[in-house]
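Just below is one structure, and these are the notes that go with it.
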Amino acid sequence: MQMDDRSKLLRRYVIDAMRGGGRGHLGSSMSMIEILRVLYDSVLKYDPKHPESTDRDRFVLSKGHGCLALYAILADKGFFPISELESFCRPTSRLGGHPERGKVPGVEASTGALGHGVPIAVGLALAMRLQKRNSRVFVLTGDGEINEGSNWEAGMAASKHKLSNLTVMVDYNKLQSYGKTSEVLDLEPLVDKFKSFGFVTHEVDGHDVAALEAILKKLPFSNNAPSAIICHTIKGKGFPFAEGNPEWHHKSGMTETDIQQMYDCL
Amino acid sequence: MRKTALDCVYKLAKLDERVVFVGSDLGPGVLDKMKTEFPQRFFMEGVSEQYIVGMAAGLAMEGFVPYVNTIATFLTRRCYEQVAVDLCIHDLPVRLIANGGGGVYAPLGPTHLAIEDIAIMRALPNMAVVAPCDADEMNRLMMSTLEWPHPIYIRLGKGGDKIVSEEKNGFELGKSILMRSGTDGMFVTTGVMTQLALETSDLLKRDGVDVGVVHMHTIKPFDAAGVISAIENVKAVVTVEEHIINGGLGSALLETCSDLRPELLPKIARVGIPDKFATEYGSQNSLLKHWGITSDTLVGAMMKKIRG
């Protein structure tokens, strides 16, 4: 699928940050650009000038290593200056290699250790219900991440509590750090797994902006169950040398040539 | 002590609508009153401690004060990363009520014996670690927890323990209580070991040895000024804890003195659980004997230090 200018711009922001920090999870960030773009452009309720307003929707990035994509969209939306992206991973920067609540405006939870986002999101969704708020809670996990059992503990609970205000999205790029998810620890049948845990579950092409908008407009999929969306994506999307290449899960010690090679793809 | 702690959760829930209770898979009937009166704020979430701690963090992020209860080993070992990341890095006011500190679950073996919980909990920034000595003190502690803005680990004893704490001493998190002054020596204790130390102090008194007891219900933040004031003028100090000898109360005192008053170090001895997992079952008392945490040991350790 051809990337439009907006998808390219957000990817450019990610590269700006990688240039500044000389490192980053390229593959993991690029697979989720469109998911975040659609959430922040068309779905989530928020006010960048008042990032802690109580009536906001909560978005938890559980796959914290994909924070470059989150930083890109938050900067784009004005949560902090775009120029700050270049400070990525520098000693006194707010923008670390994993996102931190309280440091970065718009970041709901400090993540990076995997399998923490869904349990926290269940707590947030229960809180919204107890406080009789209409705010919704979205959480984005990686695919390798859901090897962690804590996700499934939380999944059972989300279903038990009929959390229709909770949506779990999976960035299913089919690659984890070592290699293919199908070989490291197979997740299939993933849709059936989520369904059996009580989620009303749909699949979508995670790079198809129109399809993402359409599926997210249908939320909640049920009024008495949590929703799950399996987003089929390509790791390193937009960068032919990185697409589907586990070597680009994370890169450090990046050279100007590496960076230029990435800009050239856009 | 456990019943008191849970009764307090109900009392707190009546006082403040931010209070929620989260259990794992506790015994039938636990906190039924709260469940009936405040069903929305009562959660029994199953054998899923990693999720439970994360979920409590999510509730706390939105202004709730969750009281989480299960067996101490499961609340520490099982979900240590969740406690570290979800509670301590976020610095959230979640209270962990940990059943069965030390040898309480003696018949159930080493999987259920929380012997290193104080050490690993106090290693975490932002976490407070408390171990009250009896049910009355548990009551005072619990009723003081509402406004503490950080996570708290609350270690429970067996229950039915003799009441030795006194109302007049009150309870302030992070402040030690000098239960008994002494001119010859001082026991520095925590949890129900304060009772053993008081009994031992009585025995020593009969032999003409005047040994006091300073009760550290809070192991973190550690009341350095309070404990140093209690021990600086005696000849000998023995720390007593129902916890592995490494990393607990005794270690905290040695660290504190090493940093602030190294000249006090030579007079300090530690009594606690040896550095190994339990190899016996029996009862809490038989395990304490097996571990060498008895009045006799305390007398021996104290007299050895007093005699130099």
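Laboratory data are not the source of any read-out in this text; all were calculated from the coordinates shown. Note that the structure is a prediction, hence the values are computed from the model and not measured. FYI the Cβ positions are ideal-geometry reconstructions off the backbone, even for glycines, and counts take in every protein chain you see.
What the table shows:
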item: Förster-model FRET efficiency, 22 Å R0, A:Asp41 and A:Gln260, C-beta, rounded to 0.05; result: 0.15
item: Spatial extent of region B:2-155: Rg and Dmax, with the Cα atoms as the point set, Å; result: 14.1, 40
item: Estimated inter-spin distance, B:Ser286 and B:Asp259, nm [label 7 Å along Cα→Cβ]; result: 4.2 nm
item: Percent of Cα pairs exceeding the 22 Å cut-off, where the set is region A:34-115; result: 16 percent
item: Furthest towards positive pole of dipole, A:His250, A:Leu130, A:Gln261, structure part chain A, Cβ charges; result: A:Leu130
item: Lys, Arg +1 and Asp, Glu -1 on Cβ, resulting dipole of region A:5-264 about Cα centre, debye, nearest 20; result: 880 debye
item: Whole-angstrom gap from region B:89-107 to region A:5-69, using each part's C-alpha centre; result: 37 Å
item: For B:Met186, distant residues with modelled amide H under 5 Å away; result: B:Gly212, B:Ala236, B:Val237, B:Val238
item: Kirkwood hydrodynamic radius over Cα pairs of region B:167-307, then Stokes diffusion coefficient at 20 °C and 1.002 mPa s, in µm²/s; result: 143 µm²/s
item: Chymotrypsin sites (Phe, Trp or Tyr not before Pro) lying in DSSP loop within region B:45-152, provided at most 13 other Cβ fall within 10 Å; result: none
item: Neighbour-count ranking [beta-carbon atoms within 10 angstrom, fewest first] of A:Cys265, B:Cys257, A:Cys231; result: A:Cys265, B:Cys257, A:Cys231
item: Calculated from backbone phi, Karplus (6.51, -1.76, 1.60) coupling profile of region A:112-126 in Hz, x at Gly/Pro; result: x, 5, 8, x, 9, x, 5, x, 4, 5, 5, x, 4, 5, 5
item: DSSP-loop GluC sites (Glu not before Pro) across region A:46-150, with at most 12 other Cβ within 10 angstrom; result: A:Glu52
item: Of A:Ser29, A:Ser62, A:Ser182, the one that fluctuates the most in a GNM where chain A has Cα springs shorter than 10 Å; result: A:Ser182
item: Amide H within-cut-off set for B:Ile273, under 5 Å, with H built and near neighbours excluded; result: B:His243, B:Ile244, B:Ile245
item: Debye, to nearest 20: dipole size of region B:167-307, +1 on Lys, Arg Cβ, -1 on Asp, Glu Cβ; result: 240 debye
item: Per-residue mean of C-beta atoms belonging to partner chains within 10 Å, peptide B:35-46; result: 2
item: Percentage of interatomic Cα-Cα distances in chain A larger than 24 Å; result: 44 percent
item: Relative contact order [Cα under 8 Å, 6+ residues apart], chain B, whole percent; result: 16 percent
item: 5 angstrom amide H check on B:Ile219, placed H, neighbours 5+ away; result: B:Val129, B:Val130, B:Ala131
item: Over the protein assembly as shown: Kirkwood hydrodynamic radius from C-alpha pairwise inverse distances, Å; result: 25.7 Å
